[in-house]
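Some notes on the structure that comes next.
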Amino acid sequence: MTGSEHHQSCSSEGNGELITWYQDALRGEEAGFEQFRMAEKAHGSWMKLYLEGNTSEVLTNMGKKVLKQYLEALAAMSSALSKQLGKYDMYSMIAGMVYVFQLLLVLLLAMPEALSGAAAVDLPVLSSLLSLPFYLLCLLLASVHVWVCTSAESSCYFCSLSWGLVFAAVAFSSAMFCILISVAIRRLSLGPEIHGKSPVRSSGGEWSLSELDVLLLAGTVGHTLSLAASSFVEEEHQTWYFLLNTLCLAVFQDVCRKYFREQRGSGNEEEHLLPSKDSHSSVHPKPEIISEKWLALATPPFTLVCCRLLRSLNQTGVQWAHLPDVSHWLNSSEHKMILSLLSVFCLLLIYLLVQRHCSLVSKVALALGLLGVYSYRAAVGNVLFPWQHSGRTASKGTVEARFVYVFVLGILFSGTKDLLRSQIITADAKLKSRGLWEIYSGLVLLVSLLFRAHNLPVACCGLLIQTLMARFIWKKLHYDAAQTTIMHYWFGQAFFYFQGNSNNIGTVDISVGFVGLESYIEAPAIFLTALGTYAGPLLWACHLVCYLSSERERTPVAVSHGCYCLALLRSVPAAAYIVLVTVLRYHLFIWSVFSPKLLYESMHLLLTAGVCLFFITMEQSPSSSKF
């Protein structure tokens, strides 16, 4: 039997369940079922000729025709069945998409002002609210809402809301539309010059993109486009691993170009090839320059090695998730001592990397907190103390976890106090920077508590890469805020998957929601679970703001630029993915692949918005620019 003949037999036998379901649901009245019946009759005629030994060209052509009829009938039945069983609230979905794209367009139109030297965006909010088009739009949208809700045959979420919420939503959408029109008109009339401020990285009114800029933009856009395929969504971690490896190679090229051209004395040529030249390198002693050179050259390869090791720690995705990984080996009872030694080493390294930016009190609190982290893991039976027997009964570790929470709150309180002092009492940039670093240290301590013992190398390697990149790459090569932000974003996305996460809800570790709790309490459980799941992107976003705040000698509005770029990086994929999910709502994998990814994107966007709003609020001071 040929391949087409075998396909025909499988098509008739392997889709019986679909046909039965379809027939029961639609009672055989649809055209798809009639097409299937015709294909069955044609298949019977073909089988009769085949059994009679007919080998002419008529049999081959007839087989191709039967196969085509089967495929068309199955496609028609699948489409009809999806429409019958999947009913969507299109009015509410379209309204939500309108709000999302209005906010996205505001971000895009505000780009020249947001990335200018003043980082101040002037939105005509008051004039829009007092304009006649605003009230006309409110009346029009309210009329459309009444018409849709009174003529809808099925229930609608937007129609079930109270009139107060509906009026607020209508007013918000009308105001955003008027603001968009005003900003667009102003942008067309003023061109690239916004209130006398030129966009960042412009030269002679034109944007100049380096090789690294092209890579960062192409990678970000390419990842967004890849979300249209279910296979790329299932194995998204492979996309980020590839982009991160490519980024390390591009950075390594920049480092080689800088130091080896400097060694040959090609300073003028380097100025054109590498926009991130370190103009202060000549003031350092020669031995320090040599050691700095080799450390900078070793940072990208070392980053690649760390990322390769972390990929083997947790298998994720779909294709290779069933294979054993290093975490399974570490968590086995035979290797508990190795896991204990690894945890001790990681916690010591975390302390050494984080304590550099803390005050004396916070350093002591951090040390005691990390000791409490190990005690918690020993209490729940993940690791061992030297004097502890392996047969000891494990407990919940509630006391140890709450012990760590006390020091986390203490460090966060110390950092918040410094931030408020820099905001209210004195405009001290160093005090603000120390406050941000201490908040970051408190988050690192909390993440160390929430991470399982085998995942501590993920946090440890992340902090080590951040330290090396900040010391020898971002600072020495003078990458601007936009470049640094995209790099942090890429690293954060990769570390999300290094933790063992995927786009499947089944990989969410809900046990972190019970750390330090005797029973389930909704608000703390949701907060801890979200923090444990998105620890990688959150720590990299916080490190971005802390790093930019400590590098104010380059530009005083670097934090504003970074927060804007981070918000844009999260908004564009989320908005594009909402459209893709809406278009593919009848896709076979809509509930198993696309919908869980939408949930992940929404939660990630919410956390990113919270981080950006917090740090932008902290940025507002009498001496700082308004974003």
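Below is a table of values for the structure above.
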read-out	value
Filter result (loosely packed, with under 13 Cβ neighbours inside 10 Å and more than 31 Å from the chain's Cα centre (by Cα)) within the range 145-175	Val146, Trp147, Thr150, Ser151, Glu153, Ser154, Ser155, Ser160, Ser162, Trp163, Gly164
Residue within the range 29-40 that is in a helix (DSSP H, G or I), modelled with pLDDT under 75 and loosely packed, with under 15 Cβ neighbours inside 10 Å present	yes
Contacts under 6 angstrom Cβ, first residue in the range 605-618 being within 23 Å of Ser422 (Cα to Cα) and β-branched (Val, Ile, Thr), partner outside any helix (DSSP H, G or I) and modelled with pLDDT under 90, 6 or more apart	Ile616/Phe627
Sole residue being surrounded by 14 or more Cβ atoms within 10 Å (Cβ to Cβ) and closer than 24 Å to Tyr586 by Cα, chosen from Tyr50, Tyr70, Tyr88	Tyr70
Failed criterion for Thr303 (all others in (1) modelled with pLDDT under 65; (2) within 37 Å of the chain's Cα centre (by Cα); (3) of a type outside the set (A, V, I, L, M) hold)	(1)
The one condition in (1) under 24 Å from Cys563 (Cα atoms); (2) crowded, with 17+ Cβ neighbours inside 10 Å that Gly117 fails to fulfil	(2)
Answer from Leu464, Leu409, Leu431, Leu420 - the residue that is within 26 Å of Val361 (Cα to Cα), in contact with a Cys (Cβ under 8 Å, 6 or more places away or on another chain) and surrounded by fewer than 20 Cβ atoms within 10 Å (Cβ to Cβ)	Leu464
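The values are calculated or read from the model by the stated rules, or taken from the named source; none is laboratory data. Fair warning: this is a prediction, and the values are worked out from it, not measured in the lab. Note that we place each Cβ from the backbone using ideal geometry, even for glycine, and neighbour counts take in every protein chain shown.
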